Every structure is written in structure tokens, then in C-alpha cells.
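Some notes on the structure that comes next.
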Amino acid sequence: MKSVGIDIGSHSIKIAEVIQTNKGTVVTSFREHVLGQNPAYDSELEILEYLRNLVPQYPIDQWKITLALRQEKVS
């Protein structure tokens, strides 16, 4: 089974693909998209656009979604 982890940070989006093997977990792909640093530009719009273009690369019928939140956002 392939798992895809997406980390949306304040400066970039990182995507790691991993698979489980008999010997453990193997990273098969890693990529990083650096977000624009212009404060006048809407970084949330850039993030949404990047993720929208990423979604078609993965078959939606095989998705299992796990969500992590920053500690300060959880009560």
C-alpha cells in the first residue's frame, strides 16, 4: 500500500510517498514546492491551486485520509 504525506508549512509544501515492504517503510518519492515569499500574494490561494493540481495523480478510490493539526490549534 502506498501512503502519501503532505506537510503544508509557512514557506513550502512537502510531499512524501512511502510504501510498506517486508523490511519496513521505503520512501519512494519526495518533492517540495516553495511558496511565494511576496507578502502581497495570497499564499492560501497558491496552496489550494497546488493541491488541486496534485489530486488527479492519485486514484481517489484508494484514499484513506489522516489529518494532523498543530498543537496550538487543538483544545
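The values are calculated or read from the model by the stated rules, or taken from the named source; none is laboratory data. Keep in mind the model is a prediction, meaning the values are calculated, not measured. Neighbour counts run over all protein chains shown; Cβ positions are idealised from the backbone, glycine included. Surface areas here come from the heavy atoms of the whole protein model, side chains and all, with no ligands, DNA or RNA. Shrake-Rupley method; radii C 1.70, N 1.55, O 1.52, S 1.80 Å.
Results, tabulated for the structure shown:
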{"item": "Highest to lowest packing among 36-49, 11-24, scored as the average C-beta count within 10 Å", "result": "11-24, 36-49"}
{"item": "Shape category assigned to the chain from the gyration tensor of Cα positions, a/c cut at 1.5", "result": "prolate"}
{"item": "The chain: angle of helix 43-54 to the longest principal axis, Cα-based, in degrees nearest 10", "result": "30 degrees"}
{"item": "Cβ charges +1 (Lys, Arg) and -1 (Asp, Glu), total dipole of the chain, debye", "result": "380 debye"}
{"item": "Sulfur and carbon atoms: percent of accessible area, the chain [1.4 Å]", "result": "56 percent"}
